[in-house]
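Let me begin by presenting the structure, written as structure tokens, before commenting on it.
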Amino acid sequence: MNNPTPPPTLPEPGVRINALTGAATGGSSRALSGPLSAEIAAALTASPSGEVSVRAVDVNIPLLEKNDILAERNRGYFLGRGLAALNLVSSPGAGKTTLLERTLDEFGLRTKCAVLVGDLETDNDGQRLSRPHAPVAQITTGHVCHLDAGMIARAAQSINLDGVRVLFIENVGNLVCPASFDLGEQARVVLLSTTEGEDKPLKYPPIFKSAHLVLLTKVDVADVLGFKRDVAVANIRRVAPQARIIQVSSRTGEGMTEWYDYLRALAAQA
Amino acid sequence: MESALDAIRREAGAHGATRVSRIVLRIGTLAGVDEDALRFAYEALAPSSIAAGAVLEIETVPARAHCAACARDFGAGRGFIFTCPACGGLSGDIRAGRELGIARLEFPDSP
């Protein structure tokens, strides 16, 4: 029944192989032949004597860029504080700040929220979002077209997060670069407004692909604009079948209850 | 590429090696890494590093997604819309293709 395992045919580590002849010396007197010796010989830079040893090591080292390491640190910090961080990304003008204003005025009265908001220049959004019950920090990036995890780590230290359950990170308006920068958020929220084309998800797939939630914003003016909601939703589903979709209007309040339920559920998990 | 060379230097040190003769990177098609750009960076940085003279090999990992309805993985091909070839359903459940790392290193030793 139990057949003995055949002896291994690979040289033990440390065996010397003559790169010219394929002969093995050292740990074993077995000579190598066939494709293996050719492979090893090809991999070697032979010493003048032609005899070298090689060590091939399966290292499997993930190459985490600096941002990813900092993002993981942020994630641990946020979870350790029991707060849910959301990264809001969209084109400029899709309604991120207006959404957050209403959210702070309604949801934020019962659940303590904080905001980190990024723009290239001005603290206009920081001022718009300023509320006595919600700490806000404005990040001005200068020439940088996205927020990165290091900026978030610094900005988060600058405000008092005591009692905060939901941290909104309003990213720089840009549908390209923010997709590549994990900030350590629990959820990435991509906004698509009815003033944009229904095919935006098809044109900028990476950011939609990375979304946990897609908010279709400004739905109150969809009909006026001739924006086809069903087409937009179908396009989101094609690129981002994993994402939940909520249709909202920060002006009329449509869909806001569903958005708040989403936030409440996320905060409960944090 | 700089972080890769740092990691290779550390790994070589851990194995008592002063040179590396072959570097095998494993890169998924969804990792957002352009192979030409990577090789360009390698050629610029390697000669002055521990990897001087080393062969750079890139293993490409094709994207694979999972279809929940069919309970199977499928090759996702090019693009960002993953359609199950069996049932036509869409999937956002990516199972492979985001890899970015060093798979294997080979160190030569002087005799």
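A few points about this structure:
- Note on A:H133: accessible area approximately 60 square angstrom, rounded to 10, probe 1.4 Å, nucleic acids and ligands left out.
- Measuring r between the beta carbons of A:T252 and A:A153 and using R0 = 35 Å, the FRET efficiency lands at 0.40.
- Paramagnetic label reach from B:E2 (point 7 Å along Cα→Cβ; backbone nitrogen cut-off under 20 Å): within the range B:34-63, residues B:34-52.
- If you take the alpha carbon atoms of chain B and fit the smallest convex hull around them, that volume is 116 Å³ per residue.
- Computed helical MRE - 222 nm, chain B, DSSP H runs ≥ 4 contributing -39500 (n - 2.57), nearest 500: -6500 deg cm²/dmol
- Selection among B:A76, B:L100, B:F40 by position relative to the dipole of chain B gives B:A76 as farthest towards the positive end (Cβ unit charges, Cα centre).
- Value of D in µm² per second that Stokes-Einstein yields for the protein assembly as shown, Kirkwood Rh from Cα pairs, at 25 °C (0.890 mPa s): 102 µm²/s
- Calculated from backbone phi, Karplus (6.51, -1.76, 1.60) coupling profile of the range A:103-109 in Hz, x at Gly/Pro: 5, 5, 6, 10, 4, x, 6
- Rolling a 1.4 angstrom probe over the range A:181-270 with all protein chains present gives an accessible area of which 51% lies on carbon and sulfur atoms.
- In a simple Cβ point-charge model (Lys, Arg +1; Asp, Glu -1; nothing else charged), the protein assembly as shown has a dipole of about 660 debye relative to its Cα centre.
- Cα centre as origin, Lys/Arg/Asp/Glu Cβ charges: the range A:160-270 dipole, Debye: 280 debye
- The modelled label-to-label distance for the pair A:D223/A:L64, using points 7 Å beyond Cα in the direction of Cβ, is 5.1 nm.
- For a straight C-alpha distance cut-off of 30 angstrom, the lysines reachable from A:K218 (same-chain residues fewer than eight places away being disregarded) are A:K96, A:K112, A:K200, A:K203, A:K209, A:K228.
- Cα-only Debye scattering, the range A:135-225: base-10 log of I(q)/I(0) at q = 0.12, 0.17 Å⁻¹: -0.45, -0.84
- Across all directions, the average projected area of the convex hull around the alpha carbons of the range A:70-211 is 8.0 nm².
- For A:R128, the accessible area of its heavy atoms, probed at 1.4 Å with every protein chain present, is near 100 square angstrom.
- Under 5 Å from the amide H of B:V55 lie the amide H atoms of B:R22, B:I23, each residue being 5 or more positions distant or on a separate chain, with H modelled from the backbone and absent for Pro and chain starts.
- Taking amide H as placed 1.01 Å from N in the peptide plane, the amide H of B:R104 sits under 5 Å from that of A:V59, A:N60, B:V24, each at least 5 places away or on another chain.
- HN-Hα J in Hz across the range A:197-206 - Karplus 6.51, -1.76, 1.60, θ = phi - 60°, x for Gly and Pro: x, 5, 9, 3, x, 6, 7, 10, x, x
- Buried area at the A-B interface (accessible, heavy atoms, 1.4 Å probe, summed, Å²): 2600 Å²
- Average 1/r across all pairs of distinct alpha carbons in the range A:79-125, invert it, and you get the Kirkwood radius: 12.3 Å.
- Accessible solvent surface per residue of the range A:163-270, calculated while the other protein chains remain in place, 1.4 angstrom probe, Å²: 39 Å²
- Nearest-ten-degree value, helix B:2-14 long axis tilted from longest Cα axis of chain B: 60 degrees
- Karplus-derived 3J(HN,Hα), 6.51/-1.76/1.60, for each residue of the range A:235-252, Hz, glycine and proline x: 5, 4, 5, 5, 7, 10, x, 7, 8, 7, 10, 10, 9, 10, 9, 6, 8, 8
- Legend: residues B:M1, A:M256, sorted from most to least accessible area (1.4 Å probe; ligands, DNA and RNA excluded), read B:M1, A:M256.
- Computed FRET value (nearest 0.05) for B:T18 with A:R244, which takes r as the C-beta separation and R₀ as 56 Å: 0.60
- Helix B:35-45 axis versus longest C-alpha principal axis of chain B: approximately 10°, rounded to the nearest ten.
The values are calculated or read from the model by the stated rules, or taken from the named source; none is laboratory data. On a predicted model such as this, the values are computed, not experimentally measured, just so you know. Here Cβ is always computed from backbone atoms with ideal geometry, including for glycine, and neighbour counts include all displayed protein chains. Heads up: the accessible areas ignore ligands, DNA and RNA and are worked out on the full protein's heavy atoms, side chains in. Shrake-Rupley method; radii C 1.70, N 1.55, O 1.52, S 1.80 Å.
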